Amino acid sequence: MKAGAFVSILFGCCLPLLAASAETSVSDPYVEPRLRMVREQMVARGITDASVLAVMKRVPRHLFVSSMLAHSAYGDFPLPIGENQTISQPYLVALMTELAQIRRGDKVLEIGTGSGYQAAVLAELAEQVFSIEILKSLGEQARKTLDATGYGKVKTRIGDGYNGWPEEAPFDVILVTAAPDKVPRPLLEQLKPGGRLIVPVGAQSSVQSLQRIRKTPTGQIVKEDVIPVRFVPLVRQQ
Ligand code: SAH
């Protein structure tokens, strides 16, 4: 066994005791798994934005999955949320949020509300958050969860997010949590100059690329490939 592994086992036994006295509350039995998630899945993989890490330590991910899966909510994997959809792996939520470089005062649009978890994370950082979900049952459930967990400020809508939310455009940030084959033109159009569009792009048959697309102050589009990813498809309303 390597020294590093040994140290982490020692820490594994001591830290929960320290954390238990300082941070565990009766109403939230998942404080320690959440802090461990941030340490082992996010900090260890290079997420450095302090405000993103603070939010990931705070948002109760276990309340955004079915109670049967709550004990797995802080694991290093996506989880089913019904209708063949998934809540993204925690690391991806943190990475996409970090890439978005959200500032207080920003207006943010999410495509693919799903469980509402990513929207809650965004709501902790941005002034206004709008989120669109195409599947009615998921959109309705997410609305209830967001209200019940104190994220009532997130505005939600059922519909095809391909077209964005024209009445509320333009946005500082647009974050897409389902993969289109190509970047939807309406979303580029609804980005403010200086804005960031975070989107996994590519066909379902292949690996997709998580892209950060910036609209420069003069309106030019600059694309950056960040990492290969796998997301559920962005489907179109018939
Ligand atoms: N952000 C979510 C995870 C979403 S999974 C969370 O934090 O839980 C992707 C979601 O995108 C699914 O719920 C899927 O139904 C939705 N989706 C797929 N195509 C869409 C479209 N065209 N418009 C809006 N939502 C879409």
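In whole angstrom, how long is each semi-axis of the equivalent ellipsoid of the chain, when you take the square root of 5 times every eigenvalue of its Cα gyration tensor and sort them from largest down?
One finds semi-axes of 30, 20, 17 Å for the chain.
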Total charge of the residues flanking V59 in space, meaning their Cβ is under 13 Å from its Cβ, with Lys and Arg +1 and Asp and Glu -1, is +2
Top mean-square fluctuation among A120, A203, A142, Gaussian network model of the chain, C-alpha springs under 10 Å?
-> A203
What is the set of long-range amide H partners of V129 at a cut-off below 5 Å, with H atoms built 1.01 Å from backbone N?
-> V108, K155
For V207 and R236, what is the calculated FRET efficiency with R₀ set at 25 Å and r taken between the beta-carbons, to the nearest 0.05?
-> 0.70
Acute angle (nearest 10 degrees) that the helix 90-100 long axis makes with the longest principal axis of the chain, alpha-carbon atoms | 50 degrees
Inter-part gap, Cα centre of segment 104-133 to Cα centre of segment 66-87, in whole angstrom, is 19 Å
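Which value, in debye to the nearest 20, gives the size of the charge dipole of the chain about its Cα centre, when Lys and Arg are +1 and Asp and Glu are -1 at the Cβ?
280 debye
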So how tilted is helix 136-148 from the main axis of the chain? Cα-based, degrees 0 to 90, rounded to 10.
-> 50 degrees
Viscosity 0.692 mPa s, temperature 37 °C: Stokes-Einstein D of segment 108-238 from its Kirkwood Cα radius, in µm² per second?
-> 222 µm²/s
The chain: antiparallel DSSP beta bridges as a percent of all, rounded to 5 | 50 percent
Among Q118, S137, P217, which residue has its Cα positioned farthest towards the positive end of the charge dipole of segment 109-238, with +1 placed on the Cβ of Lys and Arg, -1 on the Cβ of Asp and Glu, and the dipole taken about the Cα centre?
-> P217
Filter on K153/K182; K155/K192; K57/K144; K153/K223; K107/K153 - keep pairs with C-alpha separation over 24 Å = K153/K182; K153/K223
Relative contact order of the chain: what whole-number percent is it, with Cα pairs under 8 angstrom and at least 6 residues apart?
-> 13 percent
For labels at K223 and K192 in the simple 7 Å Cα→Cβ model, what's the distance in nm?
-> 2.5 nm
How much of R103 can a 1.4 Å solvent probe reach, expressed as accessible area in Å² and rounded to 10?
-> 140 Å²
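The values are calculated or read from the model by the stated rules, or taken from the named source; none is laboratory data. Just so you know, these numbers come straight off a predicted model, no measurement behind them. All Cβ positions, even for glycine, are placed from backbone atoms using ideal geometry, and neighbour counts span all protein chains on display. To get the accessible areas, we keep the full protein, side chains included, count just its heavy atoms, and leave off ligands, DNA and RNA. Shrake-Rupley method; radii C 1.70, N 1.55, O 1.52, S 1.80 Å.
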